[in-house]
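Worksheet: one structure, shown below.
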Amino acid sequence: MFKSLIAIMEGTKAALMAIKANAMRSALTCLGIIIGVAAVITVVAVMQGFTKQINDQLADMAPDVTSIKPYTSVEQEMVGVKSKLTYDDFLVLKSKIKEAETMTALMFTWRFSGGAQYGNKTHNTRVMGTEQDYQKAYRTYPDKGRFIRAEDDEKRRRVAFIGASVIDKLNLPKNPVGEYIKLGGEWFRIIGVSETQGSFLGFDQDDYINIPISTMSALEGANSASNVQIMFRLQPEANEEQVMAQITRILRQRHKIKDGQENDFEFETAEKARANVDKFTGSATAITAGIVGISLIVGGIGVMNIMLVSVTERTRVIGTLKALGATPGFIMLQFLVEAVVLSLFGGLIGLALGYGMAATISAILPGMPDAYIPGWAIMLSFGFTSMIGIVFGLAPAIKAARLNPIDALRYE
């Protein structure tokens, strides 16, 4: 154990001296490792930055809210069937699900997809039908005016609650409350402006307009191709599985789904959305990092070639060490440690360079999240570079250990 420790210390010392003595060659030796690690870290930092930003955003967006969304299987899509939830589905569930602390809905229709108009200015924006509980579920608070109220829904008023970006997009006054805009050929009075939420992955979260869901449903008509999403938050004492089972029975009955047929709707929670995001970004990170990681193998081959040259250059030194009693194991360990030090040196530079590249990309491209390197990526990069040093340094180390001391001393 003590001898091994001495060998490691001497090997490290020799490696550092060799790096210092042959700085240019050492830099070229590490170049492949540096490029490989930098490329992998850049990919990981960017992708993990996306994951972190999305997860942080999901954590802020009502993590205890469950969504019910239409679901269409691949087979149904191929024959032109499109599943949907309706405004009536929402009304029935809201009246029957007593365990829901809050239940609200979002409606999207083709009629309002043409954009908004104010004066001679037109802007394509998201127009959604909502009701008062949407504010509670998603914490959408007004900066000016008010949000949609129950009486707006009951009387099907033509009022609009707009995101902050719409003011600039339509050249509205700074306080547009009371102004009229045109949506789907109909006039709506602005009743409030939302607090600024900012952008998310380049997507402007303040570019939207909410109108009462009953107004949207009435204007769209009975034969509308409306698309409704239902969201609810349960009371603390409610049993989530039982409530979901009850909702499933009601919707299957309303949609006339026979036994054995799959649901035309699905439940989605913040945890499920987060898991899907982690799965997607994790797969993308692994595939991309695996592709660019091939350069690490090229870097490892470079380390092996230089170490073989080093063995040749130090043949007489190896012969002297063996003549003085150094064992083959000691010689092999010394060259292995030198290869690992070279690989780790390249890995350290590659790590810093990769993070710098990722940070530069995040700073230059608009809407990009901040670069983020998780601890496992740092440990993995150093572990992998150490493995490269061991694997590709093994052949030169074995060659050095097997040298005959007499022949080595005679080497010119």
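I'm trying to understand the selection: among the residues of the range 176-206, which are at pLDDT below 90, of a type outside the set (A, V, I, L, M, F, W, C) and either surrounded by 19 or more Cβ atoms within 10 Å (Cβ to Cβ) or part of a loop (DSSP other than H, G, I, E, B) (or both)?
Once the filter is applied, which keeps residues that are at pLDDT below 90, of a type outside the set (A, V, I, L, M, F, W, C) and either surrounded by 19 or more Cβ atoms within 10 Å (Cβ to Cβ) or part of a loop (DSSP other than H, G, I, E, B) (or both), the range 176-206 yields Gly184, Gly185, Glu195, Thr196, Gln197, Gly198, Gly202, Gln205, Asp206.
Does the range 339-346 contain at least one residue that is more than 17 Å from Met307 (Cβ to Cβ) and not β-branched (Val, Ile, Thr)?
No, that holds for no residue.
Taking Pro173 as the residue in question, decide whether it is at pLDDT 90 or above and surrounded by fewer than 18 Cβ atoms within 10 Å (Cβ to Cβ).
Here the answer is yes, as Pro173 does meet what is asked.
Name the pairs: first residue in the range 10-38 and open to solvent by less than 60 Å² (accessible area, probe 1.4 Å), second residue at pLDDT below 70 and of a type in the set (S, T, N, Q), Cβ to Cβ under 6 Å, at least 6 apart or on different chains?
Gly36/Ser295
Would you confirm, using the coordinates I've provided, whether Tyr87 is under 29 Å from Ile190 (Cα atoms), of a type in the set (Phe, Trp, Tyr), open to solvent by 60 Å² or more (accessible area, probe 1.4 Å) and at pLDDT below 85?
So Tyr87 fails the test.
Can you tell which of Arg156, Arg126, Arg111 is modelled with pLDDT of 90 or more and open to solvent by 20 Å² or more (accessible area, probe 1.4 Å)?
Arg156
For residues that are open to solvent by less than 20 Å² (accessible area, probe 1.4 Å) and closer than 15 Å to Gly192 by Cβ, tally how many sit in the range 129-149.
Going through the range 129-149 one residue at a time, the tally reaches 5.
Mind checking which residues of the range 355-365 are open to solvent by 60 Å² or more (accessible area, probe 1.4 Å) and free of Cβ contacts under 8 Å to residues at least 40 places away in the same chain?
Thr360, Ala363, Ile364, Leu365
Which one of these does Thr104 not meet: (1) buried (at least 22 other Cβ atoms within 10 Å of the Cβ); (2) within 22 Å of Gly184 (Cα to Cα)?
Condition not satisfied by Thr104: (2).
Tally the residues that are open to solvent by less than 50 Å² (accessible area, probe 1.4 Å) and within 17 Å of Ser67 (Cβ to Cβ), restricting the search to the range 250-267.
6
What number goes with the only condition from (1) open to solvent by less than 60 Å² (accessible area, probe 1.4 Å); (2) modelled with pLDDT of 70 or more; (3) in contact with a Phe, Trp or Tyr (Cβ under 8 Å, 6 or more places away or on another chain) that Ile301 does not pass?
The one condition Ile301 does not meet is (1).
Yes/no matrix, rows are residues, columns are (1) open to solvent by 40 Å² or more (accessible area, probe 1.4 Å); (2) at pLDDT below 80:
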position	(1), (2)
Glu338	no, yes
Gly350	no, no
Leu353	yes, no
Gly367	no, yes
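If you scan the range 133-147, which residues turn out to be closer than 19 Å to Ala100 by Cβ and modelled with pLDDT of 90 or more?
Across the range 133-147, there are no qualifying residues.
Within the range 47-76, which residues are modelled with pLDDT of 80 or more and touching a helix residue (DSSP H, G or I) at 6+ places or on another chain (Cβ under 6 Å)?
If the condition is that a residue be modelled with pLDDT of 80 or more and touching a helix residue (DSSP H, G or I) at 6+ places or on another chain (Cβ under 6 Å), then Val65 is the only one that fits.
The values are calculated or read from the model by the stated rules, or taken from the named source; none is laboratory data. As the structure is a computational prediction, the values presented were derived from the model and not from experiment. Here the Cβ is made from the backbone with ideal geometry for all residues, glycine too, and neighbour counts use every protein chain on show. These area figures cover heavy atoms from the full protein model, side chains too; ligands, DNA and RNA do not enter into them. Shrake-Rupley method; radii C 1.70, N 1.55, O 1.52, S 1.80 Å.
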